[in-house]
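Presented below is the structure to which this report refers.
The values are calculated or read from the model by the stated rules, or taken from the named source; none is laboratory data. Note that the coordinates shown come from a computational prediction; the quantities given were computed from them, not determined experimentally. No Cβ is skipped: glycine too gets one built from the backbone with ideal geometry, and neighbour counts run over all protein chains shown. SASA here: full protein model, heavy atoms, side chains in, ligands and nucleic acids out. Shrake-Rupley method; radii C 1.70, N 1.55, O 1.52, S 1.80 Å.
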Amino acid sequence: MTLGLSILSTVGYSQTSKDFKLITLDPGHFHAALVQKSMYPEVSPLVHVYAPTGADVNFHLDRINSYNNRKEQPTNWQEKVYTDSDYFQKMLAEKAGNIVVIAGNNRIKSDYLEKSVNAGFNVLADKPMIINGKDFEKLKKTFANATKKKVLLYDIMTERYEISTMLQKEFSMISAVFGKLEKGTLENPAVTKESVHHFYKYVSGSVLTRPSWFMDVNQQGEGIVDVTTHLVDLIQWECFPNQIIDYQKDIKINEAHHWTTDMTLSQFKTITKTQTFPDYLKKDVVNDTLLKVFSNGEINYQLKGVHAKASVIWAFKAPEGGGDTHYSIMRGTKANLIIRQGKEQNYKPTLYIEPIINSQQYENELMQSLKLIQAKFQGIALKKNAKGWEVEIPEKYKEGHEAHFGRVTEKYFEYLKKGKLPSWEVPNMIAKYYTTTQALKMAQKGKKQHGK
């Protein structure tokens, strides 16, 4: 079944219409499909899928099929599927494309990354790349090998494309508005990012069926090394834009905690479409009916001397009208930049500018600075409130989480065409995974297990 499609070098080739050929490896997470929610002009519609037989690959193909058959802007992906037990070896040998998309079971992801890079593939990987400290050195080595092989290894950081976060970063870079970033303290960090997620959710219009292993921390990873990856990434990206972070010098973990979310067997059945807890989850089950998942975590740390806090909470289902939510504050010497996404905001992320001293001079400088923002983001406005201003964002910028996967993928293609990532991306990915995996070690030693 060798298809004879050669791997293209990412350096020094002339761009043609279909230079990029995707391979999907063992797609156990719905993020693998979201990369293909849109077509890309430089990408071949033929995608090779290598995966073990089972529900995971079937759900993936169903999602791709739904994109191909939707009424508005249908895609035309052609999926060529190989599901024998030697699927991974077959992928490495056939070299049927030049970009491997990896989004699935995190227990084996570091091995997938290492061997795919060593075989000369570019890799676009869902987060987290690793879920424990023992794989950290392997990840560092994989990045080093990617440089040697002249291929690009990159993780999918969708939250950088959320408009309220983008604007929080932009305003923080204007000293007349924000001043300088505070250093903060352990009790009152300069930067806080909190994320609330839900096991029961809608994706592409349908209730998401999650694989049973998603609730196993040995396969999906604890919350402190999973979703927290996004939060740690944003803290680095916003506080120290375009700067290299040295994990050995610039990071100090002060405290880390983790605790469980309780899930009944009935709830488990609802989201997995399976009737019983599998054997590998029995270690986390109480009285045969209640599953305790270590999906929640909090990291308090210092980044280049700045105190930061990242925390993630998982509930089973969102309140009516709600969904996953995000809270974020950056504290400056002149103002706080705060993203709220609660009931008052109709569960939509909303950015506020709250000055330390609300004077006429500050308002004048803010309005002058707004022109700099509007030059990049047309239509952005400010609405005064009791504490300062709400940033009014036109609907055209509010694409939603699923669309952000396309944005990341397009950015990755830009880097492939250039043949390199920005100089800060790889060291900062390493710093990010050092932060999350070290925090996990600390949380597990502390055994602070909150919850019910």
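Things worth noting here:
- Normalised by the number of residues in region 63-128, the average gap of Cα pairs under 8 Å and 6 or more apart makes the relative contact order 27 percent.
- The chain - percent relative contact order, Cα under 8 Å, separation 6 or more: 20 percent
- Taking N as its residue count, the alpha carbon Rg of region 78-127 over 2.2 N^0.38 Å: 1.09
- Taking each of Lys249/Lys441; Lys127/Lys441; Lys201/Lys283; Lys134/Lys441; Lys180/Lys309; Lys193/Lys304 in turn, the alpha-carbon distance tops 21 angstrom for Lys201/Lys283.
- Antiparallel DSSP beta bridges within region 93-195, percent to nearest 5: 10 percent
- Dipole of the chain [Lys/Arg +1, Asp/Glu -1 at C-beta], most positive-end residue of Ser110, Ile339, Trp314: Ser110
- Amide H contacts under 5 Å for Gly28, placed H, 5+ residues apart: Ala103, Gly104, Asn105
- Convex hull volume per residue, computed on the Cα atoms of region 290-378, equals 159 Å³.
- Taking amide H positions as modeled 1.01 Å from N, with prolines and chain starts lacking one, the residues under 5 Å from Asp155 and 5 or more places away or on another chain are Ala125.
- Heavy-atom accessible surface of region 338-425: percent carbon and sulfur, 1.4 Å: 49 percent
- Charge sum, other residues only, whose C-beta stays under 15 Å from Gln89's C-beta, Lys/Arg counted +1 and Asp/Glu -1: -3
- Net charge dipole, the chain: roughly 560 debye, given to the nearest 20, about the Cα centre with Cβ charges of +1 for Lys and Arg and -1 for Asp and Glu.
- Relative to its residue count, region 381-452 spans a Cα convex hull of 242 Å³ per residue.
- Seen from Ser206, the other residues with C-beta closer than 13 Å to its C-beta sum to a net charge of +3, counting Lys and Arg as +1 and Asp and Glu as -1.
- 10 Å-binned pair-distance histogram of region 35-163 (Cα, whole percent): 11, 38, 38, 12, 1
- Taking region 6-157 and dividing mean pair separation by its residue count, relative contact order in percent (alpha carbons under 8 Å, at least six apart): 26 percent
- Entry for semi-axes √(5λ) of the Cα gyration tensor in Å (calculated from the structure that is shown) out of [x] 35, 27, 22; [y] 36, 30, 21; [z] 61, 23, 19: [x]
- With θ taken as phi - 60° and the Karplus curve 6.51 cos²θ - 1.76 cosθ + 1.60 applied, the whole-hertz 3J(HN,Hα) list for region 401-406 is 4, 5, 5, 5, 5, x Hz, x standing for glycine and proline.
- Coupling constants for region 137-151 follow from the phi torsions by the Karplus curve (6.51 cos²θ - 1.76 cosθ + 1.60, θ = phi - 60°), and in residue order they are 5, 5, 5, 4, 5, 5, 5, 4, 5, 4, 5, 5, 7, 6, 10 Hz; glycine and proline get x.
- Mean ellipticity per residue at 222 nm, deg cm²/dmol - from DSSP H runs of n ≥ 4 across the chain, formula -39500 (n - 2.57): -10000 deg cm²/dmol
- Share antiparallel - DSSP beta bridges, the chain, percent rounded to 5: 60 percent
- Order by protection proxy (mean Cβ within 10 Å, highest first), peptides 377-388, 100-111: 100-111, 377-388
- Mean-position separation - Cα centroids, region 28-85 and region 314-388, in angstrom: 37 Å
- Spherically averaged projected area of region 213-293 from its Cα convex hull (nm²): 7.3 nm²
- Per residue, region 325-385 exposes an accessible area of 55 Å² to a 1.4 Å probe, with every protein chain left in place.
- More than 17 Å apart - percent of Cα-Cα pairs taken over region 260-299: 26 percent
- Region 296-452 - Rg over Rh from alpha carbon coordinates, Kirkwood radius: 1.00
- Shown in residue order for region 172-183 are the 3J(HN,Hα) couplings computed by the Karplus curve 6.51 cos²θ - 1.76 cosθ + 1.60 at θ = phi - 60°: 5, 8, 9, 5, 5, 8, 9, x, 10, 5, 5, 7 Hz (x for Gly and Pro).
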